[in-house]
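Presented below is the structure to which this report refers.
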Amino acid sequence: MSARHARIARLARAAVLMLDHAADDIDRGLWTDAELEGMADALDSLTAALRGQDQATVRRDVLVIDSERIDR
């Protein structure tokens, strides 16, 4: 696997995880505008990687998921 494909795979896995965790929370209004913008940046990074664009064309290539259990 090339380094480009490995990066795309990492970004795709992160996007799947992020979207899975975010879907219900966004619907309930639990995400701030800044968090939504961060998710958009992460998805922009994936899109750019899929298109073969340089990383410099997107604002950042970092995804942070801060989760906590609410049932405890």
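Only the coordinates and a few stated rules stand behind these numbers; no lab work does. None of the values given here were measured: they were computed from a predicted structure. Note: ideal-geometry Cβ built from the backbone for every residue, glycine included; neighbour counts use all protein chains shown.
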task: Report the charge-dipole magnitude of region 3-57 in Debye, nearest 20, computed about the Cα centre from +1 at each Lys and Arg Cβ and -1 at each Asp and Glu Cβ.
output: 500
message: Based on the alpha-carbon set only, what is the convex hull volume of region 3-57 divided per residue, in Å³?
response: 67
query: Arranged from highest to lowest average of other beta-carbon atoms within 10 Å per residue, in what order do the peptides 38-46, 8-16 appear?
result: 38-46, 8-16
message: I'd like the Karplus ³J(HN,Hα) series for region 31-47: coefficients 6.51, -1.76, 1.60, θ = phi - 60°, whole numbers in Hz, and an x wherever there's a Gly or Pro.
response: 9, 7, 4, 5, 5, 5, 5, x, 5, 4, 4, 5, 5, 4, 4, 5, 4
